[in-house]
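Following: one structure in structure tokens, then a few remarks.
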Amino acid sequence: MSNTTSTASYIPAAAQRGFGIYIHWPFCLKKCPYCDFNSHVREEVSQERWRAALLQELDHYAQLLKASGGTGRIVSSVFFGGGTPSLMAPETAEALIQRIRKHWPCHNDLEITLEANPTSVESNKFAAFAQAGINRISLGIQSLNDQDLQFLGREHSAAEALKAIDVARQNFERFSFDLIYARPEQNKQSWQEELKRALAEGTRHLSLYQLTIEENTPFHGARRRGEFKELNPDTAAELYDITNDVMTRHGMPNYEISNYAHPGEESRHNLTYWKYGDYIGIGPGAHGRLTLTDSSSLGKKIATRQHRAPEIWLSTVEQAGHATRTYDSISDTERFEEMLMMGLRLSEGIKRADLCNETGQDLTNLIEQKKIEQLEQEGLLFLDDVRIAATSEGRTRLNSVLSYLLA
């Protein structure tokens, strides 16, 4: 790319792999014991102040990109995450969607996802969210077993979850839901039955996560105190294999380690992350990755992060127009490492042309050939002229694969 390219027409390679906007709503009715996300419980939230602040921070990033070639980008996805964004007023979602459309051109099939919990309070708002412009909903079901829902600290029953799925089906073009497995004392038969119940609901996308105990969560302390024991690792591995087998037989293979979909029903927003596309992150603690114009053909890659504490974020935005806490340049080496860490999560892997467009170098200049050959011999990695990908076995051991490649 010529260095004389007009900033108004500049579309970086990353943005061509997707340009998403993530909006973080940090509030929940209750903090789940396994959750380490930036979520908070508050008795009262001013919807008007929060709406105005989110719009203000969105405007800030629109102006930032406009000054560095952002006008050429086309928004491919919007994602309302949290926290529990279904607790926001539908008017807030509508205002943000309208403002996004004002600032940027959008794909005709723009994907707009909202995360929601399946309580009756929130499912009663689904029609209003659909009217606001949401066209895909992601439900935090987590289990279809009442006893396990209680263990996971969820506020809904299995019956409420199924009812919420039905309401989602009536109101949205696309819906997905999450389940957590490898729960204490879970066995293979019960998980197979639960998966079949989930598939019977007709969703074309499922996110299926193994329970992990994160530091600084209530579960971390409870495990340390001996209040429960994690599932045996061998059993957890068997459950993962069962999951892949059942989902593949139903035409929904995992396109990412924990995400399963019929072809064409993948989460476009999450694919932007995994393909190392550009995205804006607004709201408390939200992260972003943006490519800005500079004197090089690759552009300048920056990592952004908004202030994490909700009240500090809110007051900072009201005073300064945004609450960006970090705004760091990402080196060419870091760009390669981040792209590898994200892209090898995908079953399709990473196109070598995309790696070259992002880093300016061919894969053979970035990784020692003997390392690739060793992982290929062990059945953990695949490489040809078009792409590099972790095998199914390699994705189950991805941390080790990445550590070896990047050492």
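The values are calculated or read from the model by the stated rules, or taken from the named source; none is laboratory data. Nothing here was measured: the structure is a model prediction, and the numbers come from that model. Quick reminder, even Gly has a Cβ in these numbers, built from the backbone with ideal geometry, and neighbours come from all protein chains shown. Each accessible area value is taken on the protein alone, full model and side chains, heavy atoms only, with ligands, DNA and RNA left out. Shrake-Rupley method; radii C 1.70, N 1.55, O 1.52, S 1.80 Å.
Taking amide H positions as modeled 1.01 Å from N, with prolines and chain starts lacking one, the residues under 5 Å from Leu231 and 5 or more places away or on another chain are Glu185. Counting only helical runs of four or more DSSP H residues, what would the 222 nm mean residue ellipticity of the chain come to if each run contributes -39,500 (n - 2.57) and the total is spread over all its residues? For the chain, the value works out to -12000 deg cm²/dmol. Length available on full extension from Glu43 to Ala222: 0.36 nm per residue minus the Cα-Cα distance, which gives 61.8 nm.
With θ taken as phi - 60° and the Karplus curve 6.51 cos²θ - 1.76 cosθ + 1.60 applied, the whole-hertz 3J(HN,Hα) list for the range 172-188 is 10, 4, 9, 9, 9, 8, 9, 9, 10, 10, 6, 7, x, 6, 5, 10, 5 Hz, x standing for glycine and proline. Rounded to the nearest 20, the Cβ-based charge dipole of the chain about its Cα centre (Lys and Arg +1, Asp and Glu -1) stands at 720 debye.
When only alpha carbons are used to place a centre, the range 169-217 and the range 30-49 end up 23 Å from one another.
Taking square-rooted eigenvalues a ≥ b ≥ c of the alpha carbon gyration tensor, is the range 251-380 rounded, prolate or oblate, where a/c under 1.5 means rounded and, failing that, a/b exceeding b/c means prolate? Here the range 251-380 falls in the oblate category.
What translational diffusion coefficient, to the nearest whole µm²/s, does the range 1-145 have by Stokes-Einstein, given a Kirkwood radius computed over alpha-carbon pairs, a temperature of 20 °C and 1.002 mPa s viscosity?
In µm²/s, the coefficient is 129.
When DSSP beta bridges are limited to those with both residues in the chain, what percentage is antiparallel, rounded to the nearest 5? Around 40 percent of the beta bridges assigned by DSSP in the chain are antiparallel ones. State whether the range 94-220 is rounded, prolate or oblate according to the following rule on the C-alpha gyration tensor (a ≥ b ≥ c being the square roots of its eigenvalues): a/c under 1.5 gives rounded; otherwise a/b larger than b/c gives prolate, and the remaining case gives oblate. Note, shape of the range 94-220 comes out prolate.
Using only the C-alpha atoms of the chain, find the volume of their convex hull and express it per residue in Å³.
Given the Cα convex hull of the chain, per-residue volume reads 146 Å³.
Semi-axis lengths, largest first, of the ellipsoid equivalent to the range 235-313 are 34, 19, 11 Å, with √(5λ) applied to each eigenvalue of the Cα gyration tensor.
Set the bar at 20 Å for Cα to Cα. Now go through Lys66/Lys102; Lys102/Lys301; Lys125/Lys163; Lys275/Lys301; Lys275/Lys300 and name every pair that lies beyond it.
Lys102/Lys301
Computed from backbone phi with θ = phi - 60° and the Karplus coefficients 6.51, -1.76 and 1.60, the 3J(HN,Hα) list for the range 18-26 is x, 10, x, 10, 9, 10, 9, 9, x Hz; x is used for glycine and proline. Averaged per residue, the range 151-198 has 46 square angstrom of accessible surface, using a 1.4 angstrom probe with ligands and nucleic acids left out. Take every Cα pair under 8 Å whose residues are at least 6 apart in sequence, average their separation, divide by the length of the range 263-349, and the relative contact order is 26 percent. Per-residue extension of 0.36 nm, minus the Cα-Cα distance of Glu334 and Arg174, leaves a gain of 54.1 nm for this segment. Our note on the geometry: Cα centres of the range 379-407 and the range 102-152, 33 Å apart. Label positions at Lys196 and Lys66, each projected 7 Å from the Cα along the C-beta direction, are separated by 5.8 nm. Using the Cβ-Cβ distance between Arg204 and Ser400 with R0 set to 25 Å, the FRET efficiency from 1/(1 + (r/R0)^6) comes to roughly 0.20. Surface composition of the chain: carbon plus sulfur atoms hold 46% of the accessible area, using a 1.4 angstrom probe and ignoring ligands, DNA and RNA. Applying a 4.7 Å Cβ-Cβ cutoff to the chain leaves Cys28, Cys106, Cys356 as cysteine residues with no disulfide-compatible partner. Working from Cα pairs under 8 Å separated by at least six residues, relative contact order for the chain is 17 percent. Once amide H atoms are placed 1.01 Å from N in the peptide plane, what residues at a sequence separation of 5 or more from Ile141, or on another chain, have their amide H within under 5 Å of its amide H? Close amide H contacts, sequence-distant or interchain: Asp178. Our summary gives the range 106-251 a relative contact order of 22 percent, counting only alpha carbon pairs under 8 angstrom and 6 or more residues apart. Residues whose amide H lies under 5 Å from that of Lys300, counting only those 5 or more places away or on a different chain, are Leu292, Thr293, Asp294; hydrogens are built 1.01 Å from N in the peptide plane. The phi-based Karplus calculation (6.51 cos²θ - 1.76 cosθ + 1.60; θ = phi - 60°) puts the 3J(HN,Hα) values of the range 345-358 at 6, 7, 5, 7, x, 10, 5, 5, 5, 5, 4, 5, 5, 7 Hz, whole numbers, x for Gly and Pro.
Ratio of Rg to Rh for the range 166-249, alpha carbon only, Kirkwood?
Expressed as Rg/Rh, it is 1.04.
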